[in-house]
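**Q** One structure, pasted below without further comment.
Throughout, read-outs are computed from the coordinates displayed, never taken from laboratory work. Here the structure is a predicted model, which is why all the values come from computation and not from measurement. Glycine also receives a Cβ, built like all others from the backbone with ideal geometry; neighbour counts cover every protein chain displayed.
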């Protein structure tokens, strides 16, 4: 196996469709034997939240209350219709045998995909480590992401 | 197809990327030389399974039309 048989995905977007694509591609990379790392930043962190109410300051608590509490609450980037779109797409995906976002995330975990969370975004959003799922391996900065990406055959920004 | 199969994976009704995810998981538990049969009806799997074999260095032995689904045979060689 080559030394750089690695894949690095930056997940900035927190839309259902973007997160769906990110976990699907990561599954494909890990299934192909690549050492796969997903770096979650800004809205992407919503895909890792564990359902806790978040925020310390008044504004942080407002942000926490308005954002999705966990992966099942992510809305699509189009046809959101105040949450109706999510219900509609979830049903259409389920009817067609497409895995849910939570199932895809678990598949990534089972295949050994590494989840890293961006420290700065967590500070801005007032998220603590314990507000994220335990499978998050580390809270890191951009240098860690760059180090991983510079050694990867595949680098994606989603 | 006259192939001795060591393990059968039922991926009927599954869509991308699940047939490949389960194939990767199953192959990790198998020995070199063993054969995995994947039963799948997703059209995407038709291109995905040989592509996965090529990338991972495993051998794609072939496929067999079973009517509503296709049987794919993959030998662990890597």
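**Q** Given R₀ = 22 Å, what would the calculated FRET efficiency be for residue A:58 paired with residue A:128, taking r from the Cβ atoms and rounding to 0.05?
**A** 0.85
**Q** Order of B:49, B:20, B:3 from fewest to most other C-beta atoms within 10 Å?
**A** Final ranking by Cβ density, sparse to dense: B:3, B:49, B:20.
**Q** For the protein assembly as shown, what is the percent of antiparallel DSSP beta bridges, rounded to the nearest 5?
**A** On the way: 14 of 37 bridges.
DSSP beta bridges in the protein assembly as shown are roughly 40 percent antiparallel.
**Q** Output the 0 to 90 degree angle, nearest 10, between the alpha-carbon long axis of helix B:43-56 and the longest principal axis computed from the alpha carbons of chain B.
**A** That helix lies at roughly 10 degrees to the long axis.
**Q** Taking the Cβ of each residue in A:114, B:46 as the centre, tally the other Cβ atoms inside 10 Å and list the residues starting with the fewest.
**A** On the way: A:114 20, B:46 14.
With the fewest neighbours first, A:114, B:46 line up as B:46, A:114.
**Q** How large is the Kirkwood hydrodynamic radius of segment A:1-111, in angstrom, based on all distinct alpha carbon pairs?
**A** Mean inverse Cα-Cα distance, inverted, gives 15.0 Å.
**Q** Which length gain, in nm to one decimal place, applies between residue A:78 and residue A:95 when the Cα-Cα distance is subtracted from 0.36 nm times their residue separation?
**A** Difference between extended and current length: 4.1 nm.
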